[in-house]
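Below is one structure; the comments refer to it alone.
The values are calculated or read from the model by the stated rules, or taken from the named source; none is laboratory data. Predicted model, so just to flag it, every value in this text is computed and none were measured. Cβ placement follows ideal geometry from the backbone for every residue including glycine, while neighbour counts extend to all protein chains displayed. The protein model used for the area step is the full one, side chains on, heavy atoms only, and it has no ligands, DNA or RNA in it. Shrake-Rupley method; radii C 1.70, N 1.55, O 1.52, S 1.80 Å.
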Amino acid sequence: MNTDIRYIFLDLGGTFRVIDEDPAYLSAARAKIAQLCGVDTDNPNQWFSDVIDKRYDKYRDWALKFMCEAPEEVLWTRWLAYDFPRERVEAAAAEMTYAYRKTKGERVVTDGGIETVKELYRRGYTLGIVSDLVGTEEVDEWLDHDQLRPYFKTVQQSSVCLIRKPHPAIYYYALEECGSDPKRTCYVGDNLARDIVGAKAAGLGMTIGVRYPGKKPQEITEENKPDRFISHFAQLLDIFPAIK
């Protein structure tokens, strides 16, 4: 573990952002997808569960196997809505992907997250995001809405670069954009099998695992064991003092 860290890259889902599973929010998103597909149903929740969710499971297996993210048009025309009018699906692919993200819940910054990021930035660290997700619009919209964009020098999304963790290339893109030394870079993530394994494969000097209360325990192996664990995002401030 290298303690001379100058760059900190963050995972999003389950690390910097967490999910609020409001039933009304989820139902509205599912109904939106049915509408965009042209489906007339009195129970969009059931339709979504029977059709889209089952198909997404197969897509996810493929994505994890090949450490790849499909472009939005491909996601819907090949995997999720291949039996609906192609032109309609292609035209609505970005909107449907955004709605699909919402079907899993509303994503909000974890407690103390914004304050911690701003303080790390003030202390002199260069910050970045390296995240797996579908969709190309949501993260940009969120960064602008929460006025967080100035704090991140790089934002690498699997939906944009089409590479998923634990493939080291997505970390390399972030390192290259920041001009950072891997050995002086830390990655913070909650999924040990992807976040930590990928960061180690990319040669990052430090890894931190996130274990928020109430989350399902993960098996720890030599390959996925991080250098440190935190149970609250603000604990990063205890690990990274001001750069002199």
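Within region 205-231, restricting attention to residues that are touching a Pro at 6+ places or on another chain (Cβ under 6 Å) and either more than 18 Å from Y7 (Cα to Cα) or not polar (S, T, N, Q) (or both), the residue that is surrounded by the most Cβ atoms within 10 Å (Cβ to Cβ) is I208. I52 - would you say it is under 23 Å from R86 (Cα atoms), in contact with a Leu (Cβ under 8 Å, 6 or more places away or on another chain) and of a type in the set (V, I, T)? Spelling it out, I52 is indeed under 23 Å from R86 (Cα atoms), in contact with a Leu (Cβ under 8 Å, 6 or more places away or on another chain) and of a type in the set (V, I, T).
Taking the stated definitions as given, is Y172 surrounded by 19 or more Cβ atoms within 10 Å (Cβ to Cβ), of a type in the set (F, W, Y) and over 12 Å from the mean Cα position of the chain (by Cα)? It is false that Y172 is surrounded by 19 or more Cβ atoms within 10 Å (Cβ to Cβ), of a type in the set (F, W, Y) and over 12 Å from the mean Cα position of the chain (by Cα). The C-beta contact set for region 142-162 (first residue on the phi > 0 side of the Ramachandran plot, second residue of a type in the set (D, E) and open to solvent by less than 20 Å² (accessible area, probe 1.4 Å), distance under 8 angstrom, 6+ apart or interchain) comprises L162/E69.
Among the residues in region 61-73, are any under 17 Å from R194 (Cβ atoms), open to solvent by less than 80 Å² (accessible area, probe 1.4 Å) and without any contact (Cβ under 8 Å) to a residue 40 or more places away in the chain? Checked region 61-73: at least one residue is under 17 Å from R194 (Cβ atoms), open to solvent by less than 80 Å² (accessible area, probe 1.4 Å) and without any contact (Cβ under 8 Å) to a residue 40 or more places away in the chain. Checking the structure you have, find out if any residue of region 39-53 is in contact with a Pro (Cβ under 8 Å, 6 or more places away or on another chain) and either open to solvent by 50 Å² or more (accessible area, probe 1.4 Å) or part of a loop (DSSP other than H, G, I, E, B) (or both). For region 39-53, residues in contact with a Pro (Cβ under 8 Å, 6 or more places away or on another chain) and either open to solvent by 50 Å² or more (accessible area, probe 1.4 Å) or part of a loop (DSSP other than H, G, I, E, B) (or both): absent. For A28, the conditions (1) in contact (Cβ under 8 Å) with a residue 60 or more places away in the chain; (2) exposed (fewer than 14 other Cβ atoms within 10 Å of the Cβ); (3) small (G, A, S) are fulfilled apart from (2). Only one entry in A202, A234, A193 is of a type outside the set (D, E, K, R), open to solvent by 30 Å² or more (accessible area, probe 1.4 Å), in contact with a helix residue (DSSP H, G or I) (Cβ under 6 Å, 6 or more places away or on another chain) and modelled with pLDDT of 95 or more, namely A234. With respect to being open to solvent by 50 Å² or more (accessible area, probe 1.4 Å) and in contact (Cβ under 8 Å) with a residue 40 or more places away in the chain, H167 fits the description.
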